Amino acid sequence: MAAAPADAKKKKNLPPPAPARPAPIMALSSPNASAVNYFYERRQEAPVWFTQAGGTAATSALLSVLRQASIDGMPTGPQVAAQVEAYVLRAQGGDALAVKTAERALTNAWVDYVQALQRPNTNVVWGDPSLTLKPGHPDRIMALLAASPSIAAHVQSVSMVNPIYAKLRETALAEASANGGTASTKVLLNLERSRILPGSGKFIFVNTAEQRLHMYENGQDVGSMKVVVGDKVGHDLPTPIIASTMNYAIANPYWHVPEHLVKKWLPSIIKQKEAYLKARNYEIISDFSGQPRILSVAEVDWDAVASGRTKLLLRQKPGGANSMGKMKFPFPNVEGIYLHDTPMKDYFNKTDRALSNGCVRVEDYRRLAQWVFGRDPAAVGTAPEQPMVLPRGIPVYVTYLTMVPTADGMATFPDRYSWDYPGALANGRDARGGSPLAVAASGSAN
């Protein structure tokens, strides 16, 4: 039926339809959307990105980060980047609602990305709970963002994670670009293992693949030395991946002999008894506490020891050939791993220094102690087990990087632990070799 003339006239005078409004921020399907909305409500919609501290540089930095975020552990990063970019383009017209929606989209994407970077890493022995990787609270992530004098600089700093991670990521992205979007397993595993390192502060970084210890301050490597690490081939005792904090050192330490070594030497110990112990400066002890009772040879039930019904607990007194050397540097971890000096200096001349029972022997304990304490600490006399408390705890990160960036490119190291394969690690330990230490609770590795 044809429209009446009056109706046609009315339709002619109707205003044109309003342009479509941007979809709400919930379109990103993010679990953080509610927290982001509340953040802006508390701020009375004051912008973060569309400000002098933000601007085009900030939005461009975030979009760049999101486009490569699948390498960082955020598989939806490229799709989120496309969505956010559409919101930003709509906001350029100056429409208040479009700006508001783009603001929330940008912040929502940023929170999601940072939490992906901070996701837990289960292939680490976390000796210090405060160092454990876990997604930050959205409110803290947004507060740090809003307080930054330069949003672009903040985005770049946080997304870098640390200098090693940033360079490994560049390598992974280059591989993916050249191979249809897929980076090698080797570089991805190294990227993940490097993610536990901080980007700033003072900390110790032990790379067991490189067999070196590095001293870091403010993101810079200020010195390094050779180390001896766990022997996987001969002893099946690779040094695990650990993050913990050192709070003290011990001068003139005892060495608590690992259980597997006691078993290995047991026939000779039973045969020679006192002579064997005296020649090696060993003591039989009642337990691994701080104040054990010293047992005489006559007090030991040697038949029970020989049959395995009773464990023989040995420690070596300080001095001479003590396997701990003159100082050890403990840090809490269930595997009983620590750094320590050693009398076996010839080991540091070897190309492959995977020779220990799990612990890390350092080339120059005095230089490490001077850096750790800021002075030259020394034992008072010859009394054993002298604790020296640090003025402030120093994080210790023991990890396994077969690829490390250098000024000339990327250095690579042999995969002696065979950990450059998916599933090789579980909770920081060799998944195929069991627990690295049979005496983890006693802390008697070396």
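The values are calculated or read from the model by the stated rules, or taken from the named source; none is laboratory data. None of these values were measured; they are calculated from a predicted model. Cβ sites come from the backbone with ideal geometry, for glycine too, and all protein chains shown count toward neighbours. Heads up: the accessible areas ignore ligands, DNA and RNA and are worked out on the full protein's heavy atoms, side chains in. Shrake-Rupley method; radii C 1.70, N 1.55, O 1.52, S 1.80 Å.
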Please verify whether region 289-297 includes one or more residues that are surrounded by 16 or more Cβ atoms within 10 Å (Cβ to Cβ), touching a residue at least 12 places away in the same chain (Cβ under 8 Å) and within 20 Å of GLY336 (Cα to Cα). yes
Going by the structure shown, is ALA98 in contact with a Lys or Arg (Cβ under 8 Å, 6 or more places away or on another chain) and either modelled with pLDDT under 95 or not in a helix (DSSP H, G or I) (or both)? yes
In region 104-118, is there at least one residue being open to solvent by 20 Å² or more (accessible area, probe 1.4 Å), within 26 Å of VAL161 (Cβ to Cβ), at pLDDT 95 or above and assigned to a loop (DSSP other than H, G, I, E, B)? yes
Specify the residue that is surrounded by the most Cβ atoms within 10 Å (Cβ to Cβ); the eligible residues are those in region 387-401 that are within 11 Å of the chain's Cα centre (by Cα) and in a strand (DSSP E or B). VAL398
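Inside region 325-381, can you point out the residues that are polar (S, T, N, Q), part of a loop (DSSP other than H, G, I, E, B) and open to solvent by 20 Å² or more (accessible area, probe 1.4 Å)?
Residues of region 325-381 that are polar (S, T, N, Q), as a first pass: 333, 342, 349, 351, 356-357, 370.
Filter once more, keeping what is part of a loop (DSSP other than H, G, I, E, B): 333, 342, 351, 357.
Residues satisfying the conditions are ASN333, THR351.
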Filter result (open to solvent by 20 Å² or more (accessible area, probe 1.4 Å), of a type in the set (Gly, Ala, Ser) and either within 12 Å of GLU192 (Cβ to Cβ) or at pLDDT 90 or above (or both)) within region 408-426: GLY409, ALA411, SER418, GLY423
Check region 19-41 and report whether any residue there is more than 35 Å from the chain's Cα centre (by Cα), open to solvent by 90 Å² or more (accessible area, probe 1.4 Å), farther than 30 Å from LEU168 by Cβ and at pLDDT 90 or above. yes
Is region 131-143 home to any residue that is assigned to a helix (DSSP H, G or I) and in contact with a strand residue (DSSP E or B) (Cβ under 9 Å, 6 or more places away or on another chain)? yes
Evaluation of GLU170 against (1) open to solvent by 20 Å² or more (accessible area, probe 1.4 Å); (2) in contact (Cβ under 8 Å) with a residue 24 or more places away in the chain; (3) under 30 Å from MET410 (Cβ atoms); (4) assigned to a helix (DSSP H, G or I) (one fails), failing number: (2)
Applying the selection to region 134-152, what residues are of a type in the set (Gly, Ala, Ser) and open to solvent by less than 50 Å² (accessible area, probe 1.4 Å)? GLY136, ALA146, SER148, SER150, ALA152
Restricting the search to region 77-100, which residues are open to solvent by 40 Å² or more (accessible area, probe 1.4 Å) and in contact with a Ser or Thr (Cβ under 8 Å, 6 or more places away or on another chain)? PRO78, ARG90
Filtering region 200-245 down to residues that are part of a strand (DSSP E or B), open to solvent by 10 Å² or more (accessible area, probe 1.4 Å) and of a type outside the set (Asp, Glu) yields LYS202, ARG212, HIS214, TYR216, GLN220, VAL222, GLY223, SER224, LYS226, THR245
Check ARG193 against each of (1) open to solvent by less than 10 Å² (accessible area, probe 1.4 Å); (2) of a type outside the set (S, T, N, Q); (3) touching a strand residue (DSSP E or B) at 6+ places or on another chain (Cβ under 7 Å); (4) in a helix (DSSP H, G or I) and name the one condition it does not meet. (1)
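Please specify each residue of region 313-324 satisfying the condition of being part of a loop (DSSP other than H, G, I, E, B), modelled with pLDDT under 95 and open to solvent by 10 Å² or more (accessible area, probe 1.4 Å).
Our first condition is that a residue be part of a loop (DSSP other than H, G, I, E, B); within region 313-324, this holds for 313, 317-324.
Now drop any that are not modelled with pLDDT under 95, which leaves 317-324.
Within region 313-324, LYS317, PRO318, GLY319, GLY320, ALA321, SER323 qualify.
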